[in-house]
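**Q** Right, I'll just put the structure down here and ask away after.
The values are calculated or read from the model by the stated rules, or taken from the named source; none is laboratory data. If you're wondering where the values come from, they're calculated on a predicted model, not measured in any experiment. Here the Cβ positions follow ideal geometry from the backbone for every residue, glycine too, while neighbour counts run over all protein chains shown.
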Amino acid sequence: MSHDHGPHHEARLAHDRSTIKAMLGYGRHFFELWSSDINAVVVDLADPQPGMAVLDIGAGLGAATFVAAGRRDVQVIAVEPMGFMRNILKARVAGRRLGSRVTVMEGTGEHLPAETDSIDVAWMVNVVHHVSDLGEAATELIRVVKPGGRVLILDEDFADETHPKFEQMRKRHHQHDDVDENPIAIDFEMLGNHLREAGFSEVIVQADRLAGVPTRRVAATR
Ligand SMILES: C[S@@+](CC[C@H](N)C(=O)[O-])C[C@H]1O[C@@H](n2cnc3c(N)ncnc32)[C@H](O)[C@@H]1O
């Protein structure tokens with residue numbers, strides 16, 4: 001019997017370990033990834049109209065996707081880099097018989113699986129802190145969004161002491177250095193500038209309470 005302990009085997013093990021770590025990390029947040037008030041508010045704010053093409057970037061388990069697709073006859077592309085999350089998304093699509101409205105695709109904010117000028121509304125909820133290159137993400141957004149189309153990028157502000165999870169996030173931030181565990185580092189003014197430079201107009205950066213939690217967000221129109 002031969003055992004493959006070559007570089008491919010090592011890479012496979014490293015990949016499996018990081019997937020298991022991610023599953024355990026996100027597992028703690030399973031219920032809020034399934035459904036959350038903040039995602040429902042984002043869909044209200046973005047307000048996709050019947051017939052529109054919507055991009056939920058970093059869709060997770062679909063907390064925003066299923067609100068949008070359950071409410072209106074829209075076409076949602078749920079973009080998610082992690083395979084185990086895409087599998088759950090696909091099971092949810094099948095379970096809710098929303099296959100005509102929701103497509104689950106692999107991708108990231110830096111590499112969007114959407115045609116040029118194809119999207120009416122794109123949003124990212126609690127995702128932008130994972131994006132390694134904000135300029136690249138802005139360039140991708142302007143590519144896929146139609147003229148007149150809109151973008152909404154929102155993070156809960158876990159660095160605000162009034163956030164109910166402030167202490168929990170602060171402790172985790174001290175325990176881990178990796179960005180997945182440190183969702184508090186994005187400068188939204190800078191993100192707004194990246195969107196302006198990419199060609200978006202009406203770029204509005206705001207910090208306010210939504211669904212009972214402090215948030216930071218940027219909205220833009222192409
Ligand atoms: C905190 S979860 C938020 C999920 C969902 N948007 C929500 O609000 O419930 C962050 C998600 O971003 C995804 N993600 C990580 N890196 C990403 C990237 N570069 N581009 C897009 N999504 C990414 C993760 O796999 C995860 O599903």
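**Q** Look at segment 85-122 and say how many of its residues are of a type outside the set (Ser, Thr, Tyr) and in a loop (DSSP other than H, G, I, E, B). Don't jump to the end; show me each part of the working.
**A** The first filter runs over segment 85-122 and keeps only residues of a type outside the set (Ser, Thr, Tyr), leaving 85-99, 101-102, 104-107, 109-115, 117, 119-122.
Pick out the ones that are also in a loop (DSSP other than H, G, I, E, B) and you get 96-99, 101, 106-107, 109-115, 117.
Going through segment 85-122 one residue at a time, the tally reaches 15.
**Q** Looking at Val54, Val43, which one is assigned to a helix (DSSP H, G or I), within 16 Å of the ligand (Cβ to nearest atom), at pLDDT 95 or above and surrounded by 13 or more Cβ atoms within 10 Å (Cβ to Cβ)? Before you say what the answer is, go through the steps one by one.
**A** Numbers: Val54 fails: assigned to a helix (DSSP H, G or I).
Exactly one of Val54, Val43 is assigned to a helix (DSSP H, G or I), within 16 Å of the ligand (Cβ to nearest atom), at pLDDT 95 or above and surrounded by 13 or more Cβ atoms within 10 Å (Cβ to Cβ), namely Val43.
**Q** Going through segment 27-40 one residue at a time, which ones are within 26 Å of Val145 (Cα to Cα), near the ligand (Cβ under 8 Å from one of its atoms) and either touching a Pro at 6+ places or on another chain (Cβ under 9 Å) or in a helix (DSSP H, G or I) (or both)?
**A** Leu33, Ile38, Asn39
**Q** Another question, then. Which condition from (1) closer than 18 Å to Ser36 by Cβ; (2) assigned to a helix (DSSP H, G or I); (3) within 11 Å of the ligand (Cβ to nearest atom) is the one that Gly60 breaks?
**A** Unmet condition: (2).
**Q** Here's another thing I want to ask about it. Given the structure, is Thr108 of a type in the set (Val, Ile, Thr), under 15 Å from the mean Cα position of the chain (by Cα), surrounded by fewer than 22 Cβ atoms within 10 Å (Cβ to Cβ) and modelled with pLDDT of 95 or more?
**A** Numbers: of a type in the set (Val, Ile, Thr): yes; under 15 Å from the mean Cα position of the chain (by Cα): yes; surrounded by fewer than 22 Cβ atoms within 10 Å (Cβ to Cβ): yes; modelled with pLDDT of 95 or more: yes.
In short, yes.
**Q** What are the residues in segment 118-135 that are of a type outside the set (Val, Ile, Thr) and more than 10 Å from the ligand (Cβ to nearest atom), if any?
**A** Filtering segment 118-135 for residues of a type outside the set (Val, Ile, Thr) gives 118, 120, 122-124, 126, 129-130, 132-135.
Selection gives Ser118, Asp120, Ala122, Leu134, Gly135.
**Q** Additional query: Any idea which of (1) loosely packed, with under 13 Cβ neighbours inside 10 Å; (2) of a type in the set (Asp, Glu); (3) at pLDDT 95 or above is the one Glu10 doesn't satisfy?
**A** Failing condition for Glu10: (3).
**Q** Sticking with this one: In segment 145-158, which residue that is within 13 Å of the ligand (Cβ to nearest atom) and in contact (Cβ under 8 Å) with a residue 40 or more places away in the chain is surrounded by the most Cβ atoms within 10 Å (Cβ to Cβ)?
**A** If we filter segment 145-158 for residues that are within 13 Å of the ligand (Cβ to nearest atom), which is where we start, we get 152-156, 158.
Retained after the next criterion (residues that are in contact (Cβ under 8 Å) with a residue 40 or more places away in the chain): 152-156.
Numbers: Leu152: 19, Ile153: 29, Leu154: 26, Asp155: 24, Glu156: 23.
Per the criteria, the residue is Ile153.
**Q** Checking His174 against (1) more than 23 Å from Arg217 (Cα to Cα); (2) at pLDDT 95 or above; (3) of a type outside the set (A, V, I, L, M, F, W, C); (4) not in a loop (DSSP other than H, G, I, E, B), only one condition comes out false. Which one?
**A** The number of the failed condition is (2).
**Q** Is it fair to say Val67 is farther than 21 Å from Ser118 by Cβ, among the β-branched types (Val, Ile, Thr), touching a helix residue (DSSP H, G or I) at 6+ places or on another chain (Cβ under 7 Å) and without any contact (Cβ under 8 Å) to a residue 60 or more places away in the chain? Show your work before the answer.
**A** Details: farther than 21 Å from Ser118 by Cβ: yes; among the β-branched types (Val, Ile, Thr): yes; touching a helix residue (DSSP H, G or I) at 6+ places or on another chain (Cβ under 7 Å): yes; without any contact (Cβ under 8 Å) to a residue 60 or more places away in the chain: yes.
When the stated conditions are applied, Val67 passes them.
**Q** What tally of residues in segment 64-88 results from selecting those that are within 12 Å of the ligand (Cβ to nearest atom) and touching a Ser or Thr at 6+ places or on another chain (Cβ under 7 Å)?
**A** Result for segment 64-88: 3.
**Q** Is it true that some residue in segment 65-74 is more than 19 Å from Ile38 (Cβ to Cβ), surrounded by 15 or more Cβ atoms within 10 Å (Cβ to Cβ) and not hydroxyl-bearing (Ser, Thr, Tyr)?
**A** To start, the set of residues in segment 65-74 that are more than 19 Å from Ile38 (Cβ to Cβ) comprises 72-74.
Add one more test, that the residue is surrounded by 15 or more Cβ atoms within 10 Å (Cβ to Cβ), and what stays is 72, 74.
Cutting the leftovers down to not hydroxyl-bearing (Ser, Thr, Tyr) gives us 72, 74.
Scanning segment 65-74 turns up at least one residue that is more than 19 Å from Ile38 (Cβ to Cβ), surrounded by 15 or more Cβ atoms within 10 Å (Cβ to Cβ) and not hydroxyl-bearing (Ser, Thr, Tyr).
**Q** Another question, then. Give all pairs with beta carbons closer than 9 Å in which a residue from segment 100-120 that is in contact (Cβ under 8 Å) with a residue 12 or more places away in the chain and over 13 Å from Val54 (Cβ atoms) meets a residue that is among the acidic types (Asp, Glu) and surrounded by fewer than 19 Cβ atoms within 10 Å (Cβ to Cβ); count only pairs at least 6 apart in sequence or on separate chains.
**A** So the pair list comes out as Gly109/Asp133; Gly109/Glu136; Glu110/Asp133; Glu110/Glu136; His111/Glu136; Pro113/Glu106.
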